[in-house]
Amino acid sequence: MKELYELGEVPPRGAVPEKMYASVIRPERFGEPEQAFATEVVDTPRPDSGQVLVYMMAAGINYNNVWAALGAPLDVIAARQRHGATEDFHIGGSEGSGVVWAVGPGVESVSVGDHVVLSGCMWDETSADIRLGADPMTSKSQVAWGYEANYGSFGQFALVDDYQCHPKPPNLSWEDAAAFVLTGATAYRQLCGWPPNTVRPGDPVLVWGGAGGLGSMAIQIVSLLGGTPVAVVSSDDRARYCERLGARGTIDRRDYDHWGPLPRSEDGTAMARWTESVRAFGRAFWEVIGERRSPSLVLEHTGQDTIPTSMYLCDNAGMVVICGGTTGYLSDVDLRFLWMRQKRLQGSHFANLRQCREVVSLVGAGRLDPCLSWCEPFDGVGKAHQLMYNNEHPGGNMAVLVNASTTGGTSLD
Ligand code: NAP
């Protein structure tokens with residue numbers, strides 16, 4: 001066996017080479033994603049108890065590795081080192097598709113040769129909170145793989161816990177299978193995971209960033225559940241993309257200017273200006289759905305700039321459900337409306353295994369489009385994250401080919 005195999009070259013089945021290629025972030029390169037990622041040769045990790053080494057075929061691109069590249073708001077390498085990790089580099093990537101290549105002691109749920117898609121969170125199944133019945137996504141032991149945990153999908157081989165492996169729908173290409181679980185399952189938990197505020201038939205739902213990864217999956221899930229998705233966009237092309245996915249209509253956020261913090265309540269002029277703009281935004285929502293109803297659910301991930309609008313628009317007893325803060329983390333909430341109108345502001349983070357598996361089933365059955373709109377060879381990892389950072393990426397999800405770059409999907413069947 002060779003020490004290192006080229007991307008796409010297949011080692012003897014189950015044999016683990018000493019070295020592998022990976023798209024690596026190092027602290028000295030923190031900054032714009034295009035400069036932060038570089039393809040390097042590193043030691044191949046070995047699976048320990050309960051772990052699985054996966055020969056990666058394709059990897060999905062997500063916003064968390066924009067943050068990892070910037071080194072802010074968290075220096076993921078330093079954070080791991082504080083917990084005893086020795087590696088001085090980060091291999092990102094929180095989802096992907098590949099072939100089980102080696103398993104650690106105690107792994108019985110998958111075998112070498114299985115084709116899998118990987119979900120993006122890890123936890124300690126023996127932790128006290130999980131043993132007491134907590135949803136593992138709420139466990140204190142939970143971390144995001146390929147962000148807080150190293151050896152993500154941007155490596156020739158990736159290291160996961162066995163429960164992160166889900167059977168790959170055989171009808172999907174490697175790249176289609178690689179890039180929908182993170183956004184799809186996150187949106188699914190936001191829309192279905194927080195009873196009683198789940199999407200019910202007829203419910204109007206506001207989806208920020210409708211053409212993005214989360215948004216494109218959310219529009220489809222709301223439609224599947226019988227709701228009425230209304231997407232927010234910032235271009236005509238994105239509006240058309242959302243409508244093709246099933247949005248009842250779109251609101252172009254460029255037509256409004258009330259973004260960011262709420263004006264101070266004592267500043268009557270500024271407050272009047274804010275109210276005028278947010279009301280116009282609300283009227284646009286009514287126009288799209290054809291009636292004067294507020295959204296019973298608002299799918300949030302944009303954060304600081306949009307939370308005041310989300311909270312204002314949300315129906316009485318409705319829910320703003322948030323999983324990210326692309327525009328920043330510090331936001332204003334007018335608490336009077338929160339309690340008087342009995343609204344709910346709910347945090348939501350990725351998805352548990354059942355939610356992931358349901359989304360994989362829906363995509364496998366052709367009921368959800370994985371929305372892959374951009375796929376390039378492995379050295380496009382930095383470029384993909386840069387496009388995302390600049391908000392210049394095409395609608396839907398993005399992926400890079402890892403070993404599938406030269407073998408295609410058949411030599412490992
Ligand atoms: P994405 O594909 O880049 O989509 C984000 C969308 O946000 C863009 O399409 C853009 O749409 C919109 N946007 C950008 N700047 C905006 C602004 N100033 N105001 C309003 N909208 C703006 O990213 P994504 O994959 O959907 O992820 C979105 C966020 O969710 C990221 O912060 C990510 O880290 C987070 N996230 C969290 C989890 C989790 O498990 N917690 C999972 C997935 C994603 P327009 O410009 O067309 O409006």
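Every read-out reported here was derived from the displayed coordinates using simple, explicitly stated rules and does not represent laboratory data. Note that this is a predicted model, so its numbers are computed, not measured. Cβ atoms come from the backbone with ideal geometry, glycine included; neighbour counts cover every protein chain shown.
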Could you check the simple spin-label distance between Lys2 and Glu287, using points 7 Å along Cα→Cβ, in nm with one decimal?
6.1 nm
To the nearest 10 degrees, how steeply does helix 268-289 sit against the main Cα axis of the chain, on a 0 to 90 scale?
70 degrees
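Based on the mean of other beta carbon atoms within 10 Å per residue, what is the order of 145-155, 47-57, 256-266, most packed first?
On the way: 145-155: 26.5, 47-57: 22.3, 256-266: 14.4.
Taking the mean over residues of other Cβ atoms within 10 Å, the ranking is 145-155, 47-57, 256-266.
Can you compute the helix-only [θ] at 222 nm over the chain? Use -39500 (n - 2.57) per DSSP H run of at least 4 residues, normalise by all residues, nearest 500 deg cm²/dmol. The partial results should precede the final answer.
Details: 14 runs with 121 residues, N = 413.
One gets -8000 deg cm²/dmol as the mean residue ellipticity at 222 nm.
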Between Met271 and Arg344, take the C-beta separation as r, use R0 = 25 Å, and let me know the FRET efficiency to the nearest 0.05.
0.55
On C-alpha positions alone, give me the angle between the axis of helix 353-364 and the longest principal axis of the chain, in degrees, nearest 10.
90 degrees
Straight-line reach from Lys2: which lysines have a Cα under 26 Å away, not including same-chain ones fewer than 8 places off?
Lys19
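Between Lys140 and Asp43, what FRET efficiency comes out of the Förster formula 1/(1 + (r/R0)^6) with R0 = 22 Å and r the beta carbon distance, rounded to 0.05? Could the numbers behind the result be given before it?
Values: r = 30 Å, r/R0 = 1.36.
Taking R0 as 22 Å, the efficiency between Asp43 and Lys140 is 0.15.
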Rounded to the nearest 0.05, what FRET efficiency do His83 and Ala128 have when you use their Cβ-Cβ distance and R0 = 22 Å?
0.75
Which aspartates and glutamates, if any, have their Cα less than 12 Å from the Cα of Lys140, not counting same-chain residues under 8 positions apart?
Asp124, Glu125, Asp129
Please determine, in degrees from 0 to 90 and to the nearest 10, the orientation of helix 213-224 with respect to the longest principal axis defined by the Cα atoms of the chain, where the helix direction is its Cα long axis.
70 degrees
Over the Cα atoms, compute the radius of gyration (one decimal) and Dmax (the largest Cα-Cα distance, rounded to a whole number) for the range 30-153, in Å.
15.1, 45
